[in-house]
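Let me begin by presenting the structure, written as structure tokens, before commenting on it.
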Amino acid sequence: MTLFLLRRLAVALLVAMTVLTLSFMLTRLSGDLAISIAGPNATQQDVELIRRAYGLDRPLIVQYLDWIGRAVVGDFGTSYFFRERVAGLIGQRLPVTITLGLVGLAMALAVAIPLGIAAAVREGTWMDRTVMLVALVGQAMPSFWLGLLLMVVLGLQLQLLPISGTGSWEHYVMPGIVLAFSAIPALMRLTRSGMVEALSSDYIRTARAKGLTRFSILAKHALRNAAIPVVSIAAVQLGFMLGGSIVIETVFALHGVGFLAWESISKNDFPVVQAVVLVLALIYIALTLLADLLNAVLDPRLRAA
Amino acid sequence: MSEALTAPGDGATGRRLAFLLGALIVGVVALAAVLGPSITPHDPFAQDLGKRLVVPFWMEGGGREHPLGTDQLGRDYLARLIYGARISMVIGVLTVVASGLIGTTLGVLGGFFGGRIDDLVLFAITCRLSIPVVLVALAVVGLMGNSFTLVILVLGLLLWDRFAVVARSTTMQVRNLDYVSAAWCAGSSSFSMLVREVLPNIATHLAVVATLEMALAILLEAALSFLGLGVPPPLPSWGLMIAEAKDYMFFSPWVIMVPGVALFALVFGINLLGDGLREMLGTQDAR
């Protein structure tokens, strides 16, 4: 068990280092950073000045080591545009994105688990097929378009919710729905296939033979086993949702890290972009680690592996 | 998905219907993409400021001249939609070719040789999964400038993970089968075994992944273009059409309905095709 976790931790660290390197390389793709920062109207002297001020005249390997050395202790430099510490900027915005992610995940689970169970219990019936159709529709729905539709219907026509912005809890409802939509298909399919498998297993036959009630069989025996993969996938899914929230935050002008990243990309504010990529990747890595841990805790069979 | 529809009775019919519907949708869009501008009387780029936001035929005041109406610059919506089909299809297909090549190569190598090589491949997949796709794609396009080719390149380089996962696991299964051992005993080289024995046997699984990834690539391109960091205007990418129509949606909601429904239908159709394919092959793992 300890060995398994240690090995997973080592891999996670290696992945984190690789992503660190990749996100550094990402910003050097465009060629000369100083020219991009200076903008189209800058003179040659301006560019030289910026190059020296930001340390871009040093050899690439020195810049890289310097950046890593600082990033490891959480210092991502200063934003070119906001003139603030990048770490502080991200710290301010991260709660919004995480709240959105959790709201979306909660909504997704609230829909996916009951529907997945219903589909498994009535396997092969119209119920099952309807649920699978819902999954297909969710998979095909462009998130930004769904966001706009909700704005028109819920925001404008029914006047139920604010159309965009940050501030109150109501601002999280529509983005949450859109985010949930993207996670529902995977979670629902997993719940369904887990329940189908559990329901056809020997221990359920035993439970039936013992004369347990239908509810107790479903809730206590089948669901407990079917839930293991769902719980760990939910953690991974949250990582994907945080990474994908950039589109939704931009549509709804919700000021989280996704919105910050989008603003920074359009303003060539590379330290911020670099840091957001890194932070989101690290959160994902941490969540997959958590998923493995949850798996091991919930399913004793996996601990030996 | 699959078990749901394999129930006895009308299940099989429903399944075939779903597959046919998918084939029909993708077929129509592909035809529009191939024939392109030659089937519409209007030029997708021609502006006519006197005829801005003409409503589509199902609304009062809509006419036969512009069946789906015109956009905010008076460009014919149907012509732009048809031209946009070409963009979506080309991006979907080319991205899948690129990501399929990368992912399949990695997955097959890892699954076939195992050991250290497999560890490396697994590590690459883990790294790839921890990178936020949309964000990185946006950042790269933002840095290097909007272009059609760049979008394909970036998506191709980012979307290979599922190909690698499926190619790896299916190759592992095939490797242990008797005919591969037989080929081995007959003195085949590793390369010829990979090409002659392994690839043909995992091709069907990869085809299922290809449909999923194509759908994903089309959705992502639309999202990138919607955010202004994808296909450059005035090209009528469906995502870009939605972005341009966004400012008018509160007054005339149909402007975002037309390209949005097209995008949804195409992705839905591709997914239906993929599901049908998966059931025909009886594969469960290619998810």
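The values are calculated or read from the model by the stated rules, or taken from the named source; none is laboratory data. Please read all numbers here as calculations on a predicted model, not as lab measurements. Here the Cβ positions follow ideal geometry from the backbone for every residue, glycine too, while neighbour counts run over all protein chains shown.
Some observations on this one:
- Segment B:37-56, subset at pLDDT 75 or above and assigned to a helix (DSSP H, G or I), residue surrounded by the most Cβ atoms within 10 Å (Cβ to Cβ): B:I39
- Apart from one condition, A:R129 fits all of (1) assigned to a helix (DSSP H, G or I); (2) away from every other protein chain (no Cβ under 14 Å); the exception is (2).
- Taken as a whole, segment A:91-98 holds at least one residue that is polar (S, T, N, Q) and either more than 13 Å from chain B (Cβ to nearest Cβ) or over 29 Å from B:G260 (Cβ atoms) (or both).
- Test: B:V258 is of a type outside the set (D, E, K, R) and within 12 Å of chain A (Cβ to nearest Cβ): yes
- Helices (runs of 4 or more DSSP H) within segment A:197-305 that include 2 or more residues in contact with a strand residue (DSSP E or B) (Cβ under 9 Å, 6 or more places away or on another chain) and buried (at least 20 other Cβ atoms within 10 Å of the Cβ): none
- In segment B:57-93, of all residues being over 28 Å from the mean Cα position of the chain (by Cα) and on the phi > 0 side of the Ramachandran plot, the one that is surrounded by the fewest Cβ atoms within 10 Å (Cβ to Cβ) corresponds to B:G61.
- Some residue of segment B:169-182 being surrounded by 24 or more Cβ atoms within 10 Å (Cβ to Cβ), within 14 Å of chain A (Cβ to nearest Cβ) and either β-branched (V, I, T) or in contact (Cβ under 8 Å) with a residue 24 or more places away in the chain (or both): no
- Given (1) within 14 Å of chain B (Cβ to nearest Cβ); (2) part of a helix (DSSP H, G or I); (3) in contact (Cβ under 8 Å) with a residue 60 or more places away in the chain; (4) not polar (S, T, N, Q), index of the condition A:V137 fails: (3)
- The lone criterion from (1) farther than 30 Å from B:R15 by Cα; (2) within 14 Å of chain B (Cβ to nearest Cβ) left unmet by A:F215 is number (2).
- Residue check, A:A112 away from chain B (no Cβ under 14 Å), surrounded by fewer than 18 Cβ atoms within 10 Å (Cβ to Cβ) and in a helix (DSSP H, G or I): no
- Cβ pairs under 7 Å, 6+ apart, first in segment A:1-29 and over 30 Å from B:M144 (Cβ atoms), second exposed (fewer than 14 other Cβ atoms within 10 Å of the Cβ): A:M1/A:R303; A:F4/A:A305
- Annotation: of all residues in segment B:94-123 being within 14 Å of another protein chain (Cβ to nearest Cβ) and surrounded by fewer than 20 Cβ atoms within 10 Å (Cβ to Cβ), the one that is nearest to A:I285 (Cα to Cα) is B:F123.
- Identity of the residue in segment B:1-30, at pLDDT 85 or above and more than 14 Å from B:A265 (Cβ to Cβ), that ends up nearest to the other protein chains (Cβ to nearest Cβ): B:F19
- Residue in segment A:5-20 that is within 32 Å of the chain's Cα centre (by Cα) and at pLDDT below 80 present: yes
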